[in-house]
Amino acid sequence: MHAQLEDAFEILERITDGFFAVDKCWNFTYINKEAARLLFRSQADLIGKNVWTEFPKAVDLKFHEQYHKAINEQVPVTFDAYFSPLSTWFDVRAYPSPNGLTVYFRDVTKAKRESVQKEQHYKSLFQQNPDAVFSFDLKGNYLAVNPAMERLLGYSEEEYLQKTFEPMVSEDDKDRTLHHYNIAVGGTTQRYQNKALHKDGSIIHVDVTNMPLIVNNEVIGVYGIAKDITSKKKSEDALKAKTYQLESFIENNGDAILIFGKQGKVIQVNQAFENTFGWFKEEIIDLPLYKLPIIPSEVIDEVKKFEAMVKKGHYVIRSETTRLHKDGSTINVLLSISPIKDAIGHNDGWSVILKDITEWKKSQEMMQNTEKLSIAGQLAAGIAHEIRNPITAIKGFIQLMNSDIDGYNEYFDIIISEIKRIELILSELLILAKPQVKKLERKDINVLMDQVITLLDSQAILNNVEIITEFDTEDTYIQCDENQLKQVFINYIKNAIEAMPKGGKLLIQIKQRDEDKLNICFKDEGVGMTIETLSKLGQPFYTTKENGTGLGFMISKKIIENHLGEVHIMSEPNQGTTIDVILPLE
Ligand code: ADP
Ligand code: MG
């Protein structure tokens, strides 16, 4: 072989691509090693053979068409084609020559597969993405939308492709959205939230990312990703509203509120606290419980007890106690404490509500006094009468003493007993004038009741009422405030007398009930009460009497409750009334 030709062949062998040449009749004139390898044939085997007979399948494929084009039109061709008998993608370049055709080719199956995969990969990333993905041209017209985007706003792909995004943005977010879009067009990715309009008119809160869509270094549009955050937004808004409500409830509450944190220090104090106790928030925040200047020393033990309760997760509800004002004065309060738990149920501090009842207590006392004074006034007539009787008797006997010296001693006994009676009546009357300090003592209820009846006897007689007593002789001792209980009994007896304007019987029973309770029963034959009166009973100033105060029942009930007792009322119009007072026995 010619030396120059040999060189040429050597070069051809070194070409890394497959290479072959055919003559005008499509017979192989040359085929390099790489080509033989790629085609799974030997060089010797193919030389001189016809392309289309050796590779008949290629006739139906792109190869046939393209090679003919190269030869017929005398132009080079390049193409990618799949050769099915070898399951191979070839990248082919063919050049026409005066003698036929020379062909370079290489196996691009791997690259081809990858790119197909990549394409499918991206396609599924777009199609299957749970977030809405879409693209716009520079004018904001939709170029593509994925199924999630169709679901997000309810438009079909077709409908989107005829629109810009503008009409789908809530009016008040339009300017802002456009602004972000323009920055994205300028090449900078934007992320923001706005309100989109669903086809059905509802508002969808979305978190949007806009990225420039860059092809060949040029921004040709904008990519978008939108996440539906409506439910997140709603729960955030609900939480915000709740927090705001709670804050406003605390701050604007009429009662003083203190919140303690986990460490036992004050973390929040409301306006009412400042108003009630005279301390400023700044002076109180961060103080531990026992440094609080509002705790008087005499309630320290109680505070300790409550603290222990709350730390165990218990509540303290409306406990009556005292606190100090900054000026040193005592404030009566109703104290409520609630433990605060975090989301997983652990102690996270506690809240304290202090209701200032100083004024309320004063008016309670005033009402109690009003009732007492009124009773005193009403009793005065009867009592005057009652005192006049013994005095008349005394006068008479003293006159007799002057005339009849013999009966002397007998008269003196009578005088003494009548004077004792006056003393008794007067002392009972004075109960009502005594101050309101509650002092507990062990007292026999039978004795208390006798004394009260003595006081009211004359009133009963004046009204034709007979008081019948049935007292148990068993234990009738009770730990009580004598004067307060007397006030209760006076009220019930007076009510009974007043309920029997034409006279009648009032039965008063004192008997043991269960093991540890005493039942005091007042049973009259009076006018009774209508349902209306019964339902209003205990409201201050509710009275059906011309000269009534309407305070008696309320005060009596409160006194009995202070003694840990109960009151039960049974009454029917014209059938009389029975009042049962139940008190714990000493
Ligand atoms: P007051 O006696 O000043 O009216 P109370 O609080 O003692 O005030 O009583 C309220 C009302 O309850 C009375 O006005 C009366 O209508 C009714 N009431 C109380 N006790 C009796 C009773 N034993 N029988 C009938 N009505 C009664
Ligand atoms: Mg009364």
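Read-outs: derived from the displayed coordinates by stated rules, not from any lab. Note that the structure is predicted; figures quoted are calculated from it, not measured. Here Cβ is always computed from backbone atoms with ideal geometry, including for glycine, and neighbour counts include all displayed protein chains.
Counting only aspartates and glutamates at least 8 places from Lys240 when in the same chain, those with an alpha carbon closer than 17 Å to its own are Glu251.
Residues with beta-carbon under 11 Å from that of Gln512, excluding Gln512: net charge, scoring Lys, Arg +1 and Asp, Glu -1? Within the 11 Å Cβ shell, the charges total -3. Taking a straight Cα-Cα cut-off under 16 Å and skipping sequence neighbours fewer than 8 places away in the same chain, the lysines within cross-link reach of Lys227 are Lys195.
Counting only lysines at least 8 places from Lys118 when in the same chain, those with an alpha carbon closer than 23 Å to its own are Lys110.
Between helix 300-311 and the chain there is an angle of about 40 degrees, using the helix long axis and the longest principal axis of the Cα atoms.
Here segment 441-584 is described by how far its Cα atoms reach on the three principal axes: 38, 30, 25 Å, from widest to narrowest.
Taking the longest Cα principal axis of the chain as reference, the axis of helix 445-462 is set at about 70 degrees.
Axis of helix 482-499 versus longest Cα principal axis of the chain: the two differ by about 80°, to the nearest ten degrees.
Over all other residues within a Cβ to Cβ distance under 14 Å of Asp200, the charged ones net out to 0, with Lys and Arg as +1 and Asp and Glu as -1.
If you take all other residues with their beta carbon under 13 Å from the beta carbon of Thr476, and give Lys and Arg +1 and Asp and Glu -1, the sum is -3.
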